[in-house]
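The structure appears right after this line, and notes come after that.
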Ligand code: GLN
């Protein structure tokens with residue numbers, strides 16, 4: 001069935017926020033120095049519907065770097081550009097069962113990145129973004145993610161520089177991919193562009209609109225613009241269901257029943273196909289790197305709004 005009425009969704013968003021605002025479990029990510037400064041109290045969420053309405057609560061307008069959530073939307077753009085078969089062979093669709101920045105996962109699979117939601121696969125995906133130069137690729141990404149959000153997204157320069165000083169592991173992963181012939185561009189350029197895409201600033205509200213665009217078959221329900229094809233949305237949501245919440249993806253799907261993507265700055269976007277999306281932001285993370293309040297609030301909303309994709313009614 002459809003989402004409940006507008007006022008009901010609005011009330012549930014406020015309730016989900018109130019319910020978990022005092023939960024202070026988890027830790028702020030600190031392996032990127034710029035992220036360690038995040039305010040652990042921050043908590044915002046928004047529900048976006050495919051009719052274009054957005055219901056926010058708490059710090060839903062607060063901007064933060066999108067981090068790994070960018071992987072979902074850059075993947076969708078690259079699927080749209082290169083097609084289902086190419087991206088499937090090159091990047092894969094299976095969960096690694098290992099942490100998002102695992103080097104071993106690459107080695108264990110003969111240099112295959114396995115899927116686009118871990119760093120290896122995301123860097124390989126970014127390397128496939130159309131454009132003759134890194135500057136052109138970056139412009140394609142920034143413009144594409146902005147279309148998903150329905151507004152011009154900006155780079156957080158401080159986060160970008162902070163990560164570029166400390167991303168030796170991602171550089172190693174990119175070089176490893178190059179050694180296996182998995183990326184065709186300069187690995188430093190691929191990492192630079194990947195780090196920029198992770199540093200785009202979004203709010204929980206933006207995430208709700210970006211997710212609702214995937215829920216709506218690729219049309220942004222707020223601007224009415226077609227961003228990607230309907231087929232690309234199906235491909236992207238399938239990948240998110242199996243890999244979007246890192247090595248906890250199975251558990252997440254079992255408990256919450258929605259394709260989703262998280263990032264280490266504390267964002268989560270969860271998509272209910274044909275209905276809408278939930279965007280949450282709270283920097284306190286669990287040991288896999290998923291926002292604690294975000295997971296709780298999304299679970300609550302998924303249940304209350306009847307969004308689980310495996311439910312028959
Ligand atoms: N930019 C971060 C990294 O590459 C993104 C990681 C994440 O959000 N899981 O380490």
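Results for (1) in a helix (DSSP H, G or I); (2) in contact (Cβ under 8 Å) with a residue 60 or more places away in the chain; (3) farther than 26 Å from residue 15 by Cβ, shown as yes or no for each residue.
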| residue | (1), (2), (3) |
| --- | --- |
| 221 | no, yes, no |
| 232 | yes, yes, yes |
| 242 | yes, yes, yes |
| 254 | yes, no, no |
| 277 | no, yes, no |
| 296 | yes, yes, no |
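Which residue, of 279, 244, 267, is closer than 30 Å to residue 30 by Cβ, in the same structural domain as residue 47 (by TED's automatic domain parsing), touching a strand residue (DSSP E or B) at 6+ places or on another chain (Cβ under 6 Å) and away from the ligand (no atom under 13 Å from the Cβ)? Let's see the steps before the verdict.
Values: 244 fails: away from the ligand (no atom under 13 Å from the Cβ); 267 fails: away from the ligand (no atom under 13 Å from the Cβ).
279 is the lone residue from the list that is closer than 30 Å to residue 30 by Cβ, in the same structural domain as residue 47 (by TED's automatic domain parsing), touching a strand residue (DSSP E or B) at 6+ places or on another chain (Cβ under 6 Å) and away from the ligand (no atom under 13 Å from the Cβ).
What's the number of the condition residue 101 fails, among (1) part of a helix (DSSP H, G or I); (2) within 13 Å of the ligand (Cβ to nearest atom); (3) surrounded by fewer than 24 Cβ atoms within 10 Å (Cβ to Cβ)?
The one condition residue 101 does not meet is (1).
Which of the numbered conditions does residue 289 fail, given that it passes all the others? Conditions: (1) away from the ligand (no atom under 16 Å from the Cβ); (2) in contact with a helix residue (DSSP H, G or I) (Cβ under 8 Å, 6 or more places away or on another chain); (3) at positive phi.
(1) is the only condition that residue 289 fails.
Does at least one position in the stretch 151-158 carry a residue that is over 17 Å from the mean Cα position of the chain (by Cα), part of a loop (DSSP other than H, G, I, E, B) and more than 21 Å from residue 212 (Cα to Cα)?
No, there is no match, as no residue in the stretch 151-158 is over 17 Å from the mean Cα position of the chain (by Cα), part of a loop (DSSP other than H, G, I, E, B) and more than 21 Å from residue 212 (Cα to Cα).
Please tell me if residue 94 is within 16 Å of the ligand (Cβ to nearest atom) and either farther than 30 Å from residue 21 by Cα or without any contact (Cβ under 8 Å) to a residue 40 or more places away in the chain (or both). If you could, list the steps in order and put the result at the bottom.
Details: within 16 Å of the ligand (Cβ to nearest atom): no; either farther than 30 Å from residue 21 by Cα or without any contact (Cβ under 8 Å) to a residue 40 or more places away in the chain (or both): yes.
No.
Would the stretch 129-137 turn up any residue that is within 21 Å of residue 264 (Cα to Cα), outside the structural domain of residue 209 (by TED's automatic domain parsing) and crowded, with 24+ Cβ neighbours inside 10 Å?
Residues of the stretch 129-137 that are within 21 Å of residue 264 (Cα to Cα), as a first pass: none.
Within the stretch 129-137, none of the residues are within 21 Å of residue 264 (Cα to Cα), outside the structural domain of residue 209 (by TED's automatic domain parsing) and crowded, with 24+ Cβ neighbours inside 10 Å.
State all residues of the stretch 29-62 that are within 16 Å of the ligand (Cβ to nearest atom) and either out of contact with any helix residue (DSSP H, G or I) (no Cβ under 6 Å at 6 or more places or on another chain) or closer than 22 Å to residue 307 by Cβ (or both); if no residue qualifies, say none. Give the steps one after another, and end with the answer.
Of the residues in the stretch 29-62, the ones within 16 Å of the ligand (Cβ to nearest atom) are 29-38.
Within the stretch 29-62, 31, 35, 36, 37, 38 qualify.
Quick one: which of 302, 249, 265 is in a helix (DSSP H, G or I) and within 16 Å of the chain's Cα centre (by Cα)? If you could, list the steps in order and put the result at the bottom.
Numbers: 302 fails: within 16 Å of the chain's Cα centre (by Cα); 265 fails: in a helix (DSSP H, G or I).
Only one candidate passes the filter, namely 249.
The values are calculated or read from the model by the stated rules, or taken from the named source; none is laboratory data. This one's a predicted model, so the numbers in the text were calculated from it and none came from an experiment. All Cβ positions, glycine included, derive from the backbone under ideal geometry; neighbour counts span all protein chains shown.
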